[in-house]
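These notes are about the structure you will find just below.
The values are calculated or read from the model by the stated rules, or taken from the named source; none is laboratory data. On a predicted model such as this, the values are computed, not experimentally measured, just so you know. Neighbour counts run over all protein chains shown; Cβ positions are idealised from the backbone, glycine included. These area figures cover heavy atoms from the full protein model, side chains too; ligands, DNA and RNA do not enter into them. Shrake-Rupley method; radii C 1.70, N 1.55, O 1.52, S 1.80 Å.
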Amino acid sequence: GVLWSPLWRLRLELTALERELLKTWSLRRLHFIQHNGASSFVYPLRVSRLQHTLGVLALVAHFCPDDKALRAAALLHDVGHYPFCHSAELVPGVDHHEMTRQRVAGELIAPILKAHGLDPESLLALMDGDPPNPLRTHNGLLHLDHLDSWVRQAQAAGYDEVPAYELFSRLCLEGNNVAADQAAAEYLVRLVRQGNERHYAEGDIGPATALAHALSLALERGHLASKEFADATDEALLARLTTAGDRQIAELVALLRQEPWRIVARKVAPDLDDGAVDAPTSGQRSRTDPILVRLNGLYDAVPLLAGKGMPITEVSATAQAEMARVQELVGIYAVTWT
């Protein structure tokens, strides 16, 4: 009944509701989903979506120990993720937010919440930042969900300069957002920049595009049902694709597992207006056609400067320069493989 967060070195006693939710497959499944998506084919990063979820719960419970609803929202905020997380969202129609809504309001989780006096729709609103709360805001400032993600990713990849538990001692909440002294705030902005750069690196864009191509083929050709896709774990999905009896799909899975360095991704243009990319559909693509991917989904929220009530980018030229580098990542990327 006690949760220990090794990243943050926080210990908390789980409520009866949290213990019950953690026994559901909806949450257990996240133990078998890679937080960093298809980049796990390239980078030796092994962070599960459940590890991140428990880290967010630990942070929320630390700052808001008596907020039963917000703690439950923290625990459930990612239950809608598909296999390989955000990489799967390159497949048209895939939206983990919508799947989260379905699962929280569904027959497995909703009865548990109601039995403990919580309304599923109210929790979903909290996950969407309505009203703004420490788990989620939409004001361009850092909240607890992204705080855990950036720091956890930095530790896993080895570019963390400050142990998370030491950094944590310099953080606080001001309103609903993360605040820190100037040096710690600038460090967090650097982690935001480095994390975005990894998301836009060839080792992420390339495998994610190849995986999405394989998934689109499997869905179009009837080898994979939408519900089966949404409910699978990473390995279950790969096994399903491999055994589908489709040579092209099996070759793509083998490429991802055995020779991901053959996948090349290059930025070919800055971001343009919607409709500017006319990439071939998966069924039309020949072996030599590039797949064009528009990437403009930055995670660019920044912390507050503690005691000043303003974003660190308003007072720090260093932070401003870091975030300017993040904006340069947006654009059209061409992905090919041999």
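Some points to look at:
- Taken together, the residues in the range 303-338 that are part of a loop (DSSP other than H, G, I, E, B) and closer than 20 Å to H143 by Cα amount to 7.
- The set of residues in the range 97-118 being within 15 Å of the chain's Cα centre (by Cα) and open to solvent by 10 Å² or more (accessible area, probe 1.4 Å) consists of H97, E98, M99.
- Count - residues of the range 229-275 that are within 12 Å of A218 (Cα to Cα), within 24 Å of the chain's Cα centre (by Cα) and open to solvent by 50 Å² or more (accessible area, probe 1.4 Å): 1
- Test: A334 is in contact with a Leu (Cβ under 6 Å, 6 or more places away or on another chain), open to solvent by less than 60 Å² (accessible area, probe 1.4 Å), closer than 21 Å to V268 by Cα and hydrophobic (A, V, I, L, M, F, W, C): yes
- Leading residue by the ranking (nearest to L50 (Cα to Cα)) among those in the range 117-158 that are assigned to a loop (DSSP other than H, G, I, E, B) and of a type in the set (D, E): D128
- Test for A179: is it touching a Cys at 6+ places or on another chain (Cβ under 6 Å), crowded, with 16+ Cβ neighbours inside 10 Å and among the aliphatic types (A, V, I, L, M): yes
- Total residues in the range 216-241, condition aliphatic (A, V, I, L, M) and within 11 Å of Y82 (Cα to Cα): 3
- Being farther than 26 Å from L241 by Cβ, without any contact (Cβ under 8 Å) to a residue 40 or more places away in the chain and either surrounded by fewer than 22 Cβ atoms within 10 Å (Cβ to Cβ) or in contact with a Cys (Cβ under 8 Å, 6 or more places away or on another chain) (or both) is a property that E13 has.
- A search for C-beta distances below 9 Å between a residue of the range 245-261 that is touching a residue at least 12 places away in the same chain (Cβ under 8 Å) and any residue that is open to solvent by 70 Å² or more (accessible area, probe 1.4 Å) and not in a loop (DSSP other than H, G, I, E, B), counting only pairs 6+ apart in sequence or on different chains, returns L255/R262.
- Taking (1) open to solvent by 20 Å² or more (accessible area, probe 1.4 Å); (2) in contact with a helix residue (DSSP H, G or I) (Cβ under 8 Å, 6 or more places away or on another chain); (3) closer than 21 Å to S316 by Cβ in turn, E174 satisfies each apart from (2).
- Check on Y43, part of a loop (DSSP other than H, G, I, E, B), open to solvent by 10 Å² or more (accessible area, probe 1.4 Å), at pLDDT 95 or above and of a type in the set (F, W, Y): no
- Contacts under 6 angstrom Cβ, first residue in the range 166-178 being assigned to a loop (DSSP other than H, G, I, E, B) and basic (K, R), partner open to solvent by less than 50 Å² (accessible area, probe 1.4 Å) and at pLDDT 95 or above, 6 or more apart: R170/A180; R170/A184
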